[in-house]
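Trainee: This is the structure I want to talk about, given as C-alpha cells.
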Amino acid sequence: MRFVGLPGAVALALAPAFAPPANAALDDSTIALNELSGDQSFQHWTYDSDAQVVTILDGADLTVTGAVSNGLRVVVDGSAAVALAGASITNTTAGAAALKLNSGAEVTLTLNQGTSNTFTGTGTAAGINVPSGAKLIIDGQGSLSARGGNSGNAQRGAGIGAMGAGNPAGDMDAGTIVIRGDVTVTAQGGLRGAGIGGAATRPRAGDITIAGNATVTAVGGSYAAGIGSGPDTNGSNTGSVTITGGTVTATGGGDILAGSAGAGIGGGVLSPGGQVKISGGLVTATGGFKGSGIGGGDCEPGGVTTITGGKVVATGGGGGAGIGGGATGAGGEIEIAGGTVAATGTVAAAGAAGGAGIGGGLNRPGGVINITD
C-alpha cells in the first residue's frame, strides 16, 4: 500500500515553528524606545509596560534609539555598554530620572557620531541620575543634553548626578562621572541642583573628570554650582573636579534676585570648593551672585584649587573671588604652576568692596596662595 503525501506531511510536522518577532526593531542588542509596547524580556534587558520601566541588565552591550515624552524611563543595573543613537526621554513620571544608574552600576554611554540625545527628569529628579557607588563614562562623537526636573517648587536634581530633596531614589550623593572623547554635553540643574554633580540635600559632587576633546556646558540651578556641589554641605568634603582637556564652560546658579548662588566650578551656597584640578583645556568658569568663579559658593572658602596647565578664565559673582572664596568666604588653598590664568573678582553692589581676583571673597582673607612657573 502506498501512502501518497506522507513524506511531506512528516516533514511538515517535524519542521520547527517560526514566529516573527512582535517588533523587528527590538532585540537583545537594540532598544527602540518609541517602538515599545507590551512587556518585553531579553537576555540583557526587559521592559515592564505597566511601570513603563526599561531595565538594562549586567553585561549588556546594546544601542538605544527613539524619542518618547511620557512616563517611560531607563534604569541600568550592573555593568553595561550603551550606545545612544538619537535617544530622547522627556519624563512625565513624578520624581523620576529619565536615565538612572543603580548604585554599583558602571556604564559607558557612547554617543554615536552625528546623533543628538536628550534626557530630562521631572520634579525632584535628575536628568541622568548617577548615585554614590555608580560610575558613568560618556564617550563618543555625538551630543547629549541632560536637565534636572523643572516642575513644581520642590528642590530638584542635577542635570547629571544626584537626585533632589525628598526623592525616594535620592538618598545618595553623586557618584563618579567621566566625560571624554569628542562629545558635546550640555547639563542644566533643576532648582538647587548642579549642572553636573550634587543636588539639594544630597549636595556632594562625587568625582567628576572631563578629558579629551569634550565640549561641556554646565549651568547650576539656583544656589548650586555649574560643576560641583549642590547647596548646604555644611563645610564637609564636596567632592572633586578634574579637567585635563576639552572646552568647559560652567556657570553657577543664582542671581541677585535669588540673593545667593553657587560657584562656576566648586561649591554651591554654604558649600566649600572641594578639590579642583585643572591641567589642560579651555576652562571658563563664572560664579552666580556671591559665588566664586572657581572655589566656594556664597559664604564658603575656596577649598583646594590646583592649576598646572590649560587656559583658565574665572570670574566671581557679586562679592565672590575669581578663584578662591565665595562672598564672605576665605580663599582656601590655591596653587598655580602652569597654564594661562585670568581671574576677576566682582563687587556685591556699586561702591561696595568686592572679592579678590585670586584669594578671598568679600572681606575675607586670601588663604594660602602659591604661584610659580
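The values are calculated or read from the model by the stated rules, or taken from the named source; none is laboratory data. Quick caveat: nothing in here was measured; it's all calculated off a predicted structure. FYI the Cβ positions are ideal-geometry reconstructions off the backbone, even for glycines, and counts take in every protein chain you see.
Trainee: Take segment 42-56 and flag every residue that is assigned to a strand (DSSP E or B) and surrounded by fewer than 17 Cβ atoms within 10 Å (Cβ to Cβ).
Mentor: First, the residues of segment 42-56 that are assigned to a strand (DSSP E or B): 45-48, 53-56.
Across segment 42-56, the qualifying residues are Thr46, Asp48.
Trainee: Confirm whether Thr286 is closer than 22 Å to Thr215 by Cα, crowded, with 24+ Cβ neighbours inside 10 Å and of a type in the set (Ser, Thr, Tyr). If you could, list the steps in order and put the result at the bottom.
Mentor: On the way: closer than 22 Å to Thr215 by Cα: yes; crowded, with 24+ Cβ neighbours inside 10 Å: yes; of a type in the set (Ser, Thr, Tyr): yes.
In short, yes.
Trainee: Let me ask something else. Leu62 versus (1) over 22 Å from the mean Cα position of the chain (by Cα); (2) more than 26 Å from Gly149 (Cα to Cα); (3) at pLDDT 95 or above; (4) buried (at least 17 other Cβ atoms within 10 Å of the Cβ): which is the lone unmet condition?
Mentor: Failed condition: (1).
Trainee: Also, I was wondering about something else. Go through (1) at pLDDT 85 or above; (2) of a type in the set (S, T, N, Q); (3) more than 15 Å from the chain's Cα centre (by Cα) for Ser151 and report which single condition fails.
Mentor: It is condition (1) that Ser151 fails.
Trainee: Let me spell it out: the conditions are (1) buried (at least 20 other Cβ atoms within 10 Å of the Cβ); (2) in a loop (DSSP other than H, G, I, E, B), and Asn70 meets all of them except one. Which number is the exception?
Mentor: Every condition holds for Asn70 apart from (1).
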